Structures are given as C-alpha cells and as structure tokens.
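Undergrad: Got a structure for you, questions after.
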Amino acid sequence: PDALQPFSTAREDLVLAGVPGVRCLRLTFVGELGFELHVPAAGAAAVYEALAADTRDAGYRAMDSLSADKGYRHWHADLSNAETPFEAGIGFTVAARLKSGDTNFLG
C-alpha cells in the first residue's frame, strides 16, 4: 500500500464501486494500515456495500481500544486543553524552537 499511496497523502477523483469522485486519505488513528474515504453522497450506499462484502465491521469503539493499545491519544477521549503537550506525554510533537522558550508563537 505504501508504494501505491504513501502515508499521509491523499488521492482524489478515484472510482470505487463504480462511484466517481472518491477521495482517499492514507492515515491511521490506531497504528495500523488505515484509509479514510470521502464519498459523494449519491454513491455512499454503493461504496459501503462493496466494502462490506469483503470486510468485517469491528465497530467504532474498536478504534479507541486499538489506539490506546498503541499509546496513541485522541482529543475527545485522552486530550483536552486542560493540559500541555508535555503533561499529556506528547512533547515530541512540539517544535524545537518552542521547547527553547520562544514565546512568539501565535498558533
């Protein structure tokens, strides 16, 4: 899959299950190979039926338990604006210049 679509990339105007205009994002919230599909509303049922024929629905809550297993954090469940990135254990995501005390960050 990485050769076809590297991680953190998007492909647009795909045709899936005969439905044109599908956007596919290669990402993961659980640490495993993952994709997110954006499908035109008129073709959503056809795409769902095609995917459901060859897959098993694990349920939305599976995403939360799998991400916890990998140590990934979700904004809605594990993170909030009540703690800093360092308190939440994700200080590695903070730009080096901000770690050095540069206070000119507006974001």
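Undergrad: Carbon and sulfur: what percent of the chain's accessible surface (1.4 Å probe)?
TA: 56
Undergrad: Accessible area per residue of the chain at 1.4 Å probe, in Å²?
TA: Counting only protein heavy atoms, the per-residue value for the chain is 76 Å².
Undergrad: In the full protein assembly as shown, how much of residue 19 is accessible to a 1.4 Å probe, in Å² to the nearest 10?
TA: Looks like 10 Å² after rounding.
Undergrad: Another question, then. Before anything else, pin down the relative contact order of the range 20-107: Cα pairs under 8 Å, at least 6 apart, normalised by residue count, whole percent.
TA: 21
Undergrad: Provide the gained length on full extension for the span residue 8 to residue 78, in nm with one decimal, where the gain is 0.36 nm per separating residue minus the Cα-Cα distance.
TA: Net length gain for the segment: 23.0 nm.
The values are calculated or read from the model by the stated rules, or taken from the named source; none is laboratory data. Being a predicted model, the structure only gives us computed values, none of them experimental. The area values use the complete protein model at the heavy-atom level, side chains included, leaving out ligands, DNA and RNA. Shrake-Rupley method; radii C 1.70, N 1.55, O 1.52, S 1.80 Å.
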